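Here, each number is a calculation from the coordinates, and none is a lab measurement. Owing to the predicted nature of the structure, the values given are computational and were not obtained by experimental measurement. Note that each Cβ is placed from the backbone with ideal geometry, even for glycine, and that neighbours are counted across all protein chains shown.
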Amino acid sequence: MIKIGVLHPGEMGVSIAAAATNSGNQVYWTSENRNSKTHLRSEKYGLLDASSLSQLTQNSDIIFSVCPPHSAEEVAKSVIDQGFKGYYLDANAISPQRTIKIGNMMESNGIHFIDGGIIGGPAWNPKETWLYLSGKDAKAIADCFSNGPLETKIIGDEIGKASALKMCYAAYSKGTTALLADDSGFSEQTNRRVTRVTAKAWRFEGEMHEIASTFQEAGLPNGFHEAAAEIYRHLAGFKDSTETPSLDDVLNTLRK
């Protein structure tokens, strides 16, 4: 049994935590400064409350970071400040450059760093969500999910490789959604895709900036995904909406 701390169990994070629990591990979270929805999710799936970040880092052999892209460095620094010395998985949608920066920061403080990229939605069903891993200690993370339903694949020893894969995938999938969001003449399937993305749009702005940075570093144009970030920024007001808005509501928000 491995002791794992999850920062922070949102819709994706709690599914990763549940998959680790399903493989016989003990999974912790911290209720400090978290909202009621996070409390309910964590309790529902049997996560153990370490109450504070200090206690969580003391309890955990491995820490998973699953947070919005713009928070990735801040979360990593907060773990370093607690004196953690175990394994740290950054599974956030960030550029390879940012991943390497965080990895160097972690390694210089005696922390084993693993790069992760999640492809798919919350991991509740087998063969639907994959955690791609890179780094010399990647197997330590893959072993946490031996019973599924989260699938894992190690793609190399190099930090940044898993993040690069995530950026390429998200560049297509979420970038396309942003492109389609400004035209009501597409099929009903496209309309559903545009309206359903609204509740998570606040997260995707940061992810688009990370993709733009990835492309720029590779000598490729980054303008489209910077523009996509602006689309998602305008839709951020739909965060935590309990109902899916109509397409007219989405388009009116963009026009404003």
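A compact table of results
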| read-out | value |
| --- | --- |
| Relative contact order (%) - the stretch 1-83, alpha-carbon pairs under 8 angstrom, separation at least six | 38 percent |
| Farthest toward positive dipole pole in the chain [+1 Lys/Arg, -1 Asp/Glu at C-beta], among V6, F204, T253 | V6 |
| Antiparallel DSSP beta bridges within the chain, percent to nearest 5 | 20 percent |
| In range of the label at K139: residues from the stretch 36-75 whose backbone nitrogen is under 20 Å from the point 7 Å along Cα→Cβ | 61-63 |
| Highest to lowest packing among 235-241, 58-64, 101-107, scored as the average C-beta count within 10 Å | 58-64, 101-107, 235-241 |
| Percent RCO, i.e. relative contact order, over the chain, from Cα pairs under 8 Å lying at least 6 residues apart | 15 percent |
| Mean separation of Cα contacts under 8 Å (6+ apart) over length of the stretch 164-255, as relative contact order % | 36 percent |
| Kirkwood Rh in Å, taken over the stretch 164-255 so that all alpha-carbon pairs contribute | 13.2 Å |
| Area projected by the alpha carbon convex hull of the stretch 1-75, averaged over all directions, nm² | 4.5 nm² |
| Label-to-label distance, nm, for residues given as A236 and K85 (7 Å Cα→Cβ offset) | 3.9 nm |
| Helix 72-81 axis, angle to the chain major axis (alpha carbon atoms, nearest 10°) | 20 degrees |
| Test item: Cα-centred dipole of the stretch 164-255, Lys/Arg +1 and Asp/Glu -1 on Cβ, debye | 220 debye |
| Equivalent ellipsoid dimensions for the chain as semi-axes, Å, which come from the Cα gyration tensor, largest first | 31, 21, 17 |
| Residue among L56, T30, P122 farthest towards the positive dipole end of the stretch 1-156, charges placed on Cβ | P122 |
| 10 °C / 1.306 mPa s Stokes-Einstein diffusion coefficient of the stretch 59-135, Kirkwood radius on C-alpha pairs, µm²/s | 124 µm²/s |
